[in-house]
1. Cβ-Cβ under 7 Å, sequence separation 6+ or interchain: first residue in segment 166-184 and in contact (Cβ under 8 Å) with a residue 60 or more places away in the chain, partner assigned to a loop (DSSP other than H, G, I, E, B) and open to solvent by less than 70 Å² (accessible area, probe 1.4 Å). Which pairs?
2. Could you check segment 280-337 and list, in sequence order, the residues that are charged (D, E, K, R), in contact (Cβ under 8 Å) with a residue 12 or more places away in the chain and farther than 23 Å from ILE236 by Cβ?
3. Assuming GLU269 fulfils every condition listed in (1) acidic (Asp, Glu); (2) free of Cβ contacts under 8 Å to residues at least 40 places away in the same chain; (3) open to solvent by less than 30 Å² (accessible area, probe 1.4 Å) apart from one, which condition is it?
4. Determine whether VAL143 is β-branched (Val, Ile, Thr), surrounded by fewer than 17 Cβ atoms within 10 Å (Cβ to Cβ) and more than 13 Å from the chain's Cα centre (by Cα).
5. Checking the conditions here, which among ILE183, ILE153, ILE168, ILE126 is in a helix (DSSP H, G or I) and either farther than 23 Å from LEU17 by Cα or open to solvent by less than 50 Å² (accessible area, probe 1.4 Å) (or both)?
6. Residues in segment 244-254: is at least one more than 33 Å from the chain's Cα centre (by Cα), of a type outside the set (Ser, Thr, Tyr) and surrounded by 14 or more Cβ atoms within 10 Å (Cβ to Cβ)?
7. Quick check on segment 233-242. Is at least one of its residues assigned to a loop (DSSP other than H, G, I, E, B) and surrounded by fewer than 19 Cβ atoms within 10 Å (Cβ to Cβ)?
8. Does ILE193 count as surrounded by 12 or more Cβ atoms within 10 Å (Cβ to Cβ) and modelled with pLDDT under 95?
Amino acid sequence: MEKITDIIESIANEKNLELEAVKDKVSKALINTAKSIYGEEYEFFVEPKSLQLFQKILIVSDDDERLSDKNEHFIALSKAQKQSENVEIGDELTYEVELENLGRTAVNTLHKELEYNIQKLLEETIFQKYQNMMGQIVFGSVVRVDSEDNTFIEIDELRAFLPRKNRIKGEKFKVGDVVKAVIRRIYTDKNGIRIELSRTSPKFLEALLEAEVPEIKDKLVEVKMSARIPGERAKIVLKSNSVNVDAIGATVGQKGVRINAVSKELHNENIDCIEHSDEIALLLTRALAPAIISSIKIEDQKAIITLASEQKSKAIGKSGINIRLASMLTGYEIELKELGEKAKLSTDEGLKSLENLFKS
């Protein structure tokens, strides 16, 4: 079995796989090969260190009806005691199995089993690698754009895809372009591992901020919440984890250099930075800026907000974007009321305005 151990080390190094994981897959391949040659009913095991294959044989009484010339699962007690005097009925003897001596069929079967199991391990390793990268930025070159405007991007050892719905409105890519995106989803289908990318997810905004702002990467500043209307506007809630760090100042950067760099990657998406608060009323007040709020009443997951009539348009924002983002950010339905009047505009109406914006 020395040849197999050499092969294992070679495979592990070549494919960048864990040696122990490769050994486990090779052990399964050896057992499956032996079962295919001898029969599924036979019991085999592999010694982990040497990777030697053994067959287990049960010791039974001399008159046991299961004994026969063709049945190698069992051995008579008298015969077993010739090999080892202290054995008893119910004990097991083990015999090494040399697959190399079983001819070309066994060798071919072992080769196929090894190929299958190593490929399976490679896929599992790659899948886990990208599963751990969910929400992280990746980048690669565009290799194809199909008829439905899905963009296929080569990233390391895999080809990922960026659906049209996950692109910022108005952006187009061509073969050779280098594209940044976050991993939105990873799954397997009949074609193997599939990685779906996104440039519209709030996670993409957060990942870009982490790459651009050292204080966020070092956990001195935390992005608590984020919401986007891709390519139009976004809001982020920032919390400082250090008394010496101004969360908004650090994120914006000197003369806005940091936030502008992120905005440029997002096709000049306007990004509002909001200071975090555990008080939902205060957080809603900040989220609806630049509007000035007179009062807020919270009813379950609904916020009834009273404000002066001249502040309503500011709270709503162009085509309802501001009120919609504030609702997305906080998770509260927002209803606006003017001072001294019954007039109101809810989050749902803001959403309708947004839909009209994207239709235009």
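1. ILE168/ARG199; ILE168/THR200; ILE168/PRO230; ILE168/GLY231; ILE168/LEU266; LYS169/PRO230; LYS169/GLY231; GLY170/GLY231
2. Hits for segment 280-337 are LYS302, LYS312, GLU335, LYS337.
3. Status for GLU269: all satisfied but (2).
4. Judged against the criteria, VAL143 is a match.
5. Matching residue, one of ILE183, ILE153, ILE168, ILE126: ILE126.
6. No; the residues of segment 244-254 include none that is more than 33 Å from the chain's Cα centre (by Cα), of a type outside the set (Ser, Thr, Tyr) and surrounded by 14 or more Cβ atoms within 10 Å (Cβ to Cβ).
7. yes
8. yes
The values are calculated or read from the model by the stated rules, or taken from the named source; none is laboratory data. This one's a predicted model, so the numbers in the text were calculated from it and none came from an experiment. A quick note on method: Cβ atoms are made from the backbone with ideal geometry, for glycine too, and the neighbour counts reach across all protein chains shown. For accessibility, only protein heavy atoms count, side chains too; no ligands or nucleic acids. Shrake-Rupley method; radii C 1.70, N 1.55, O 1.52, S 1.80 Å.
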